[in-house]
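Visitor: Can you read through this structure? Questions will come right after.
The values are calculated or read from the model by the stated rules, or taken from the named source; none is laboratory data. Here the structure is a predicted model, which is why all the values come from computation and not from measurement. Because the Cβ atoms are built from the backbone with ideal geometry, glycine has one as well, and the counts that use them run over all protein chains shown.
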Amino acid sequence: MGDTLSFNASTLDGVNQFAFWVINGFVRTDLAANLSVRVQSSMSVFGLFHTEGKHAVLFVDSNGKLIDQVSVLDNGTAGAPDVEGYTKPGGLLVDSVNPWKSLEGETSLENIDSSRVYVLQYTEATGDINILIEGGLVGSIDAVRNQVVVAVAANSSTFTHWADEEGNVLSYKPTYAFTALEDTKLFAKTTAVTPTSFVSMKDLTGIRDGYESYMGRVELQGDDYLVEYGFIYSDTTEDITLDTTGVVIAKSNVANAQTKEFLMSFVSEHHVTTRAYAIVDTGTEIVTIYSDLIVKNPVEVEPVVYTATIDTSGSYGSNIADGVISADRLAITNPGTSSISVSFRKNSSSTTSIFNNSGGQIRLYNGSSSNGGQLTISLSSEYILTSITVETDTNTGYSINGSSSISSKNQTTQLTEASSSSVVIKNVGSGQVRIELITITYTLKK
């Protein structure tokens, strides 16, 4: 990492002639055939060549990323790639009149007489962006989206850094250039600081429909050399670094030459956590720096559902009074964290010895007007019941929370009342309801 890698494509052979370098998928027209590059954490280097009578024609996005390449006979016509669906942050669409323009300003794809690069063209940005500058030579600037704005400190002798409304450092340089993408307020500060190389990050999600967008910026101090930069992301919610297990590197390969910014968009819900990073050669060591801002998207956590069972602890011949049943009369298995209580109410039933049997059953007896004995199962208030299953030996009919009569021997009822922390089982039949086992599921309220 950071070592120098050298290539000399000018002496390949006598047939192929060098045209362009493509590094990490981005066309670099600024690099000569004799190339020296710094080694990154991962990288690809391709040289493109052409033979006599043919030309290499490259089609790139506005950021320089290679879309397609074709070889064209001298004075021939280049076939452009399909660019349906290409957009840019800020609602920019591909120019429908002249979608391609060469670096020399040519929009025609005919009569190709040299190797060249065509850049995809987008519609001009519209919309007012208001920039407020405290401590600058001007107090405000009205810009359009994607315009480069330059803020100059009014007093460079006392100036120490530019900061945003939250106090985050934007730049240590009195002349600060940035892209206008949203209304911005910045402040020229005079507080003493020690300038260091840093990478910053801004969450611009919303400037491109269906995407999460982030703007990074690197500012170097002294002789520090930028080896690599971009974003890292992960599905974890922790403060990620390159050493975090499962972290993915989204390396940037192009930054605005004037502003030192790099923009990247990801499909919405692509990941959970994002952070900007930069790898810097200080001359004595290779260091990795990170943005203070770490964007963490809300995570929908599946609720934990607990399953508990309620049974008798054995035969008990005495009558049961209305109210909470003594814990020693029940066998409750509960792996969850809620308390569980069971209450009895006889209503119009005449028999209350509900545990007086050798079958290990809870017996609810019938009463007049379908108003027999009932059990109420209650949880702690911060929990809700999601289902109840009643297994019976004999069942002449019971209701769940006042439902119509249930007469099957083994029935699961889903509980849809979102705030219910209790459920009532009531004998509404003409005879006994002999309960073998009750199973409930519950979870925390949202």
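Visitor: I need a count of the residues in the stretch 271-324 that are under 33 Å from the mean Cα position of the chain (by Cα), buried (at least 17 other Cβ atoms within 10 Å of the Cβ) and more than 30 Å from G230 (Cβ to Cβ).
Guide: 1
Visitor: Do we find that T236 is surrounded by fewer than 19 Cβ atoms within 10 Å (Cβ to Cβ) and of a type in the set (S, T, Y) in this structure?
Guide: Here the answer is yes, as T236 does meet what is asked.
Visitor: Being more than 30 Å from Q414 (Cβ to Cβ), outside the structural domain of L170 (by TED's automatic domain parsing), of a type outside the set (S, T, Y) and in contact with a strand residue (DSSP E or B) (Cβ under 9 Å, 6 or more places away or on another chain) is true for just one of A321, A255. Which residue is that?
Guide: Just one listed residue meets the conditions, A321.
Visitor: If you don't mind, there's one more thing I want to ask. Among residues belonging to the stretch 111-139 that are among the polar types (S, T, N, Q) and outside any strand (DSSP E or B), point out the one that is farthest from L181 (Cα to Cα).
Guide: N111
Visitor: Give me the strands (runs of 3 or more DSSP E) completely within the stretch 17-56, filtered to those with at least 3 residues that are touching a residue at least 24 places away in the same chain (Cβ under 8 Å), touching a strand residue (DSSP E or B) at 6+ places or on another chain (Cβ under 8 Å) and crowded, with 18+ Cβ neighbours inside 10 Å, ordered by residue number.
Guide: Because the criterion is at least 3 residues that are touching a residue at least 24 places away in the same chain (Cβ under 8 Å), touching a strand residue (DSSP E or B) at 6+ places or on another chain (Cβ under 8 Å) and crowded, with 18+ Cβ neighbours inside 10 Å, the strands (runs of 3 or more DSSP E) in the stretch 17-56 that meet it are 17-23, 45-50.
Visitor: With respect to S399, determine if the residue is polar (S, T, N, Q), in a helix (DSSP H, G or I) and either within 48 Å of the chain's Cα centre (by Cα) or over 30 Å from E302 (Cα atoms) (or both).
Guide: No; evaluated as a whole, the condition is false for this residue.
Visitor: Now for a different question. From the set of residues in the stretch 74-110 that are outside any loop (DSSP other than H, G, I, E, B) and without any contact (Cβ under 8 Å) to a residue 24 or more places away in the chain, which is nearest to E182 (Cα to Cα)?
Guide: Ranking the candidates gives K101 first.
Visitor: Okay, moving on. Identify the residue in the stretch 165-205 that is under 17 Å from R217 (Cβ atoms) and among the small types (G, A, S) and, among all such residues, is surrounded by the fewest Cβ atoms within 10 Å (Cβ to Cβ).
Guide: Filtering the stretch 165-205 for residues that are under 17 Å from R217 (Cβ atoms) and among the small types (G, A, S), the one surrounded by the fewest Cβ atoms within 10 Å (Cβ to Cβ) comes out as G167.
Visitor: Give the stretch 117-140 a look and list any residue that's touching a residue at least 24 places away in the same chain (Cβ under 8 Å) and under 13 Å from K185 (Cα atoms), or say none.
Guide: Those that are touching a residue at least 24 places away in the same chain (Cβ under 8 Å) and under 13 Å from K185 (Cα atoms): I129, N130, I131, L132, I133, E134, G135, G136.
Visitor: Right, next: Considering only residues that are in a strand (DSSP E or B) and of a type in the set (S, T, N, Q), look in the stretch 301-328 and name the one that is farthest from L437 (Cα to Cα).
Guide: Looking at the filtered set, the residue picked out is T307.
Visitor: So R208 clears everything in (1) in a loop (DSSP other than H, G, I, E, B); (2) at pLDDT 90 or above except one condition, right? Which one?
Guide: The single condition R208 does not satisfy is (2).
Visitor: Which residue out of V428, V424, V433 is of a type outside the set (G, A, S), modelled with pLDDT of 95 or more, closer than 18 Å to N347 by Cα and touching a helix residue (DSSP H, G or I) at 6+ places or on another chain (Cβ under 6 Å)?
Guide: V428
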